[in-house]
Each structure stands twice: as structure tokens, then as C-alpha cells.
1. Check whether at least one residue in the stretch A:230-252 is crowded, with 24+ Cβ neighbours inside 10 Å and within 12 Å of another protein chain (Cβ to nearest Cβ), and report yes or no.
2. Every residue in the stretch A:64-79 that is assigned to a helix (DSSP H, G or I) and either in contact with a Ser or Thr (Cβ under 9 Å, 6 or more places away or on another chain) or acidic (Asp, Glu) (or both), please.
3. Quick check, is A:VAL186 over 28 Å from A:THR80 (Cα atoms), in contact with a strand residue (DSSP E or B) (Cβ under 6 Å, 6 or more places away or on another chain) and away from every other protein chain (no Cβ under 14 Å)?
4. Considering only residues of the stretch B:299-316 that are in contact with a helix residue (DSSP H, G or I) (Cβ under 6 Å, 6 or more places away or on another chain) and not aromatic (Phe, Trp, Tyr), which is farthest from the other protein chains (Cβ to nearest Cβ)?
5. Looking only at residues that are of a type in the set (A, V, I, L, M), in contact with a helix residue (DSSP H, G or I) (Cβ under 8 Å, 6 or more places away or on another chain) and away from every other protein chain (no Cβ under 14 Å) in the stretch A:374-391, which one is surrounded by the fewest Cβ atoms within 10 Å (Cβ to Cβ)?
6. I'd like to know if the stretch A:97-112 contains one or more residues that are buried (at least 17 other Cβ atoms within 10 Å of the Cβ), more than 14 Å from chain B (Cβ to nearest Cβ) and aromatic (Phe, Trp, Tyr).
7. Looking at (1) touching a helix residue (DSSP H, G or I) at 6+ places or on another chain (Cβ under 6 Å); (2) polar (S, T, N, Q); (3) more than 14 Å from chain B (Cβ to nearest Cβ), find the lone condition where A:SER13 falls short.
8. I need the full set of residues from the stretch A:42-90 which are free of Cβ contacts under 8 Å to residues at least 24 places away in the same chain, buried (at least 16 other Cβ atoms within 10 Å of the Cβ) and of a type outside the set (Val, Ile, Thr), in order please.
Amino acid sequence: MVFSSPRFLVFLSLLLLLLGRIRGRERQKAVLGAASCLFYAAWDYRYLALLLLVSGIDYACAAAIAATDVRWRRRAWLATSIVSNLGILAYFKYYAFFVSNLQTVGLDLPMLQILLPAGISFYTFKSMSYTIDVYRGALAPTRRWLDYATFVSFFADLIAGPIVRASLFLPQMERSIGPTPERLRVGASWFLLGLTKKLLIADRLATVADPVFAAPEIYSGSTIWMGVVAYTLQIYCDFSGYSDMAIGTAKMVGYDLPENFDMPYLSTSLAEFWRRWHMTLSAWLRDYLYIPLGGSRQGEGRTYLNLFVTMLLGGLWHGASWNFVLWGALHGCGLAVNRFCSGRGLRTGPLVGGLTTLSFVTLCWVPFRAPTLASARVMLEAMAGHGTGVARWYPTVVFWGLGLVVLGHVLGHAVSRAPRGTEAGGPIHALLARFDATIGEDPLAGRYVRLGMGNLGGAFLVTSWLLALFFFVSTRTTPFIYFQF
Amino acid sequence: MPSRAGSWTGILLALVAMELVVRQVYHVPVAFEPGFGKIIRPGATVRWWKEGHGESHWTRFGLRGREVPDLTKSSVLVLGNSFTEALQVDDDEVFTTILQERLQREGVATTVLNAGRSGASAADYAALASRNKGFFRPRWTIVQITPDDLGALAWVRGRNHFAYDESGRLVARARPVSDGGRLHALLAPWVNRVMLLVYGTYRIEEFKDAAAAEPPLFRAASAGAAPATTASRDAHPIEAELDLIAASYDRRVTFLFISTFDLRSPLVADGTTETRFEAHCREASLSCVNLRPGYPELARRGLSPFGFGNSGFNNGHLNEEGHRLAAGALSAELERLASSGLF
């Protein structure tokens, strides 16, 4: 049940209808928890038990940590939580990868056919942050397992993030949920934006990127460049579109989720890129891996090593493949070089920095998306001018996709720089007002545009937008790229 | 303060604007043909930019082309589905037009009549054979089929479909498609002029098809269910279906099989339908043309017979290359038949 499918729209509508009719916070939470379980079971009901097991272990460990002041006991419970989570993740996600690699060096280990549980990378990280925060004293443990299970299994961010921390989510569970006109309006605005990114741009661009990555040896360098550019736009629109839909869905239900993307391709350095791309994962890796490794406090060499290790593991988090390891290693090296240069005052202007960053990120998508390292090599060689295949040209789809992304970034940039508050005035506020749209400010999700149909312009814009989606999106249901992680 | 009148005006303007936009990419006036269902309105000009960039013209006989053919002269009737209708390409790029040019170059004075209908199945060709033969009086008939045409679609009740009679013989049952009654007849001419409604109906069908192709809910495996069409397609008596169609047109038929294309293994048949088709053509001495022998040349050039810049490589309907390939294969077959005195 992907967010962009009609099935999900039916599911969400029924849930909102139900939440709107039920009185009492506890009942609403129970309904939400049950709906989240149903949502997860829709993929594969067998792994619902695993999800509940993870939440049960971390809930119990956090309670045990909070119940004692004895340091070694607290550490033991924390270790239990981390080992359990990483053990489950290692078994379900990395077992086949490790075994196949060990088999190549002569170790005869049995290969098991293990299906990857949907969203396991996301919910184990989400759940681990809870016990670590409780251990650090940054968060008081919740007293109700139902609350905690609802947090871990919350359907909006369950499959592909944003990776919401318990410290952000659990306090929200004290408030009443359910749809209100304002929540529906704001949530629908987010959802519509995400749906557009996914269906109108990402899925269309996939028709260009997919064949190029599937058989790169038959294409010329220029065609492969086209495919890689298409994928660069596709993965951004796909993943940020999913995040927008998740934020919108959560808002309609009554919860706030954190921002996950902030126009990352406009970054002027790689460090900035990682502050703007998959922000919740970057922050997680920083707070729970990079800083515990020593961060930048233990000398220059160790800082570079910590950056490299963090990104290497971040790459591996994406999937059990050497491609992701290479991708993580490249970004780790890139961040180390970035730090080396900035530490010595070697700075470029925003244009050169932006182009360098975008080029590096684009090239790194090649091993990330290529099915094997060998095909990644074929692609990179062709892109460097050593291709032997045939040139094909995909102008319509790529230009449309690029045009829409550029337009979105221009508007997004204007919105992000607009004065605070509608009363502040300014051309962007005036322009938006003509379309019954206002700039909203969310403490977690940042700035957004709230759409409305209260005047001629607004009704025209929203109706046209919905009609454009209905008439021009791809009807093929394409899973979100990050679902596989 | 929200203005209700302003909102409604905005919605109305958006609908008008979208009607104009949709007309640029999709302008398909439709009509009702008794015995079949919705077809492109005879005499219409169609603009189809959702896949490829085709502009097509339709004669008053419901045949593709600008010129009304003289039905008293020798003709080759081409039956098929959307692959023959070929809205994705211009009139002069369709394989039927290219075939006519080639035949005329070779001195075969005949007109190729393109009677492609979107959504047609193998059962339609058999069920409507008498009417087609009576009206068009073709010298020869070409029946274009894709792997799916011989399968489930040809067995759907409520439309022309294959069935077994009491003696267990395969027959094509003609089931007149309802025209929807008086109200429909009254409204249809108006509704069919509004592309938002015509294309909207088409889109709803597309969404329904996409929803039907989604993996089942609450499955106990991450892999989607195996597509039902392959299994059901293989379970159908395609040999008997081919024989029935051939008999319906007095065996003066050439089957054009549009096989799937894989750039890496262009000569490998996809599924048992194609293998069974090829085998039966040989065993029953049917005139058959498969596009597959032409695929290696396309693969060598990195091309696919399917797909357009706005729809994706190797995806969807025949592109210009595919139509050229089909025309070439058919003209060779018809010349072979002519040399042996059959055509």
C-alpha cells in the first residue's frame, strides 16, 4: 500500500473518518495503533510480530534503564537494546550479504532465503534512538507500551521515514488527535506537493533512468549522462515526495514530523548537502554514531576517520551491497576533503561550490543505483567518453522533469526567504494571497505553503493541480525507491 | 473572507483551461459501433500526444487514412487492436500505409485498409468476420495479434468472446455491446465532444487496470503475486482460436504476431504463447509473420520497436521503427504468397 496508490487514499480516508468520530485520546491512539498494524500487515503480515517485538524490547530496556541508577546495569540494558536491534537488522538485512562474501573466501555457511521486512532500517533506528536518549537522560521513558508501540509503528513514517525520534514524537501523544479543518488543509497541501513530486516527476523520469541503468553497455556516454541526470532528479523527487506525503499524512492525523529535505541540490558544499538531504538520517548518524565515535574532538586525523566510518556505515545502512558501501565511502572521503579544505580556509564561491557538489553527488548516484559494481564501472567509463553504445535522446521527459524541479526550487527559495508572517507583506506573500495560499511555519517541518480554495485564484490553482495529476501522472504504481532500504 | 462565487468561478475556469490543455495532447472523438462498442468517430481527426506524437485521420468507413478507399477495388483488410490503430504515429508512419506503398512499388495494385480498433481481441475478428467480409470484400486479410489477444481478453463474456458450443467446438459468440439506452444516445454526442469526460473515462480505466495489477494485500511474501495473465494466456486454446479466425476468413489470412522485445536477447521467444503460435503456424500451414526475426538488427542498433521519447524505451506501442519492421515483414510475406499464387 504505497502512499501514491488509490488503496492508500481509501485507507487514509477511512482512518480520518474514524478518528474524527471517536472521542477520547486513548481510544484514538488505540485506533491509530491498530490502523498502523493493519497498514504494515498489508505488506506482509508475518513481519508485524517483528515490529512489535522490536518495540517491546526497547520499551522494556528503556524502562529498566530508567529504573536503576547503577551504571553497569544501565549500560547492560542499553547494550541489550542496541544488540537486539542491530542483531535483528543484521539477520534480516545483511545475513545473505555477509554469507555470500564469506563463501567467496572459503567459509561454508548456509545461505538462507530471508525476505527483507519493509521499513526495518527505519524503525530499528527510530526505536534505538529511544533507548539511547533514555540512557543519556535526554528523555523520560513513556509509561504506556501502547504509546510506544504506536510511535514505532506509526504508519506515516514507518516504511521510509523521516526517522522520527521518540523525543520529538512521544510528547505529541499527550495531545488530542484526529482531523480538523486546519490539519486537513495543511496536511493536504503537503500531501499534494509530495504526490506531484512522486507521480508527475519521479515516476516519469524512471522511464528514462531505468533502461539506462538496466543495460548501460548498449548506450553511448551522452545517453548514460541523460539517464544519470534523470535518476538524480528522480531519487530526489521520489524520496522527498515520500517525505512530504508522510509529513502531510501525519499532519492530517494530528502529529508533526520533522523536515527531511531542504532543497539539497542547491547546497554549496558536501557538508551542507548532508545537512539538507535525508536530514533525519544525517542527524541520527551524527548524534548516535559520529559524536560517540569522538566527532571532531580528537584531532584532525581522527575527525576524517570518523567522517569516513560514519558515511561508510551510512552507505551500508541503505542496503546490503558493495555498491552502497562504495557510495558511502565516496561520500565519507568527500566530507573529509570538504572538512580539510574548509579547515584551511580554501573556500570557493557559491556557484563553483554548488556545481562541484552537485556534480559529485550526481556521479555518486551511479554506484548507488547501478545493479552491480561492474555496470557502475561501465557507466562511468562511458560518461568519461569511452562508451561504445548507441545514443538515444529523451528530451521530453527529462526537460519536463528538470523544468518542474527548477520551478519548484525557485518558488521554494522565494518562500524560504520571505519575511515572517503574512502581515510582513512582500511580493511573495502578495502573490500567494492571490491564490488563497499562505506561508506556514512549523517547528519541526519548517516552512511550507498552505493552499486554499477560498478565492478565484486558489480554486483555479488547486483544481488545475488536481486535474493535472489525474490526467498526466503515470498510472503504473511504482514503489518508492527508499522502500527497499 | 472566502468568496464562494469566486471559488466556483475558479473551478470552472480550471475545467475550461484543462479541457483546452487536454485537447492538445488527447483529442479522440468517439462513436458507438454496434457489435463492437466505442470506436473513433468516422471522419474524425485524432491528436494523441500521451504516447508518441501522432495525428491520425479516419475516413467515414472508420478506416485509418485521409482518402476514402474505393471498396470495389482489390484490398487487403488489416484487423488489429491499438497496435494497428497506432494513434501514436502519423498516418504515413503506420505499417499499413508503408505496406501499401511497398506493395504498389512491387506492382501489386491493392489498397491496404486499416481497421484497427483499440481494445479489440481475437474473438472480435472471428465474431465480426461476416460483416467485415461483406462490407470490405477483402482480397486478403491480415490479423494483428499480441500475446495477450489470444488469452483472457478473448474470453470475457459481455463482449464478443470465444466459447465452446454443445458439441465442444470452439465458436466466437457475438454479443452486441449495449449502447446504453435512450438517455445515453441523447447525451453521447455531447459528452463525446468534451475531452475532459472522454479522456477522464479512459484515465479511470487506466487507474483501474493499475490497481488490479497491484500486489495482493496481506501477502506472506515480499515478492508480488505472479501475473495471472501469463498463466491464463497459456491455458487458452490458442491453436483452435487461430484456426477459427483463419476459417472465418476462408483461410485467406496472414497473422502478424507482435512479440515482446528484449534488447539483450532479441531472438529468445517470450513465453509459451509465442512458441505455440509459431509451432501451430507450421503445423497448420497458416500464413504467419512474427516480428522477432527482425529484432536482432534493431538490437544491434540499440533500438526497440516499442516506446517513445515521452513514454519510455521498449514500453507501450510500436514506434516508427516497429511499424517499418512490421511493414517489411508483411510485404515479404505477401510477396511470397503472391509468387505462389495464393494472394
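The values are calculated or read from the model by the stated rules, or taken from the named source; none is laboratory data. Nothing here was measured: the structure is a model prediction, and the numbers come from that model. When we count neighbours, we look across all protein chains shown, and the Cβ atoms used for this are built from the backbone with ideal geometry, even at glycine.
1. Yes, that holds for at least one residue.
2. Residues of the stretch A:64-79 assigned to a helix (DSSP H, G or I): A:64-67, A:71-79.
Scanning the stretch A:64-79 gives A:ALA64, A:ILE65, A:ARG74, A:TRP77, A:LEU78.
3. Numbers: over 28 Å from A:THR80 (Cα atoms): yes; in contact with a strand residue (DSSP E or B) (Cβ under 6 Å, 6 or more places away or on another chain): yes; away from every other protein chain (no Cβ under 14 Å): yes.
In short, yes.
4. Here the residue is B:PRO305.
5. Of the residues in the stretch A:374-391, the ones of a type in the set (A, V, I, L, M) are A:374, A:376, A:378-380, A:382-384, A:390-391.
Of the ones still in play, those that are also in contact with a helix residue (DSSP H, G or I) (Cβ under 8 Å, 6 or more places away or on another chain) are A:376, A:378-380, A:382-384, A:390-391.
Narrowing further to those that are away from every other protein chain (no Cβ under 14 Å): A:376, A:379-380, A:383-384.
Values: A:ALA376: 22, A:MET379: 26, A:LEU380: 18, A:MET383: 20, A:ALA384: 9.
Looking at the filtered set, the residue picked out is A:ALA384.
6. yes
7. Tallying (1) touching a helix residue (DSSP H, G or I) at 6+ places or on another chain (Cβ under 6 Å); (2) polar (S, T, N, Q); (3) more than 14 Å from chain B (Cβ to nearest Cβ), A:SER13 fails exactly one: (1).
8. A:LEU48, A:ALA60, A:ALA64
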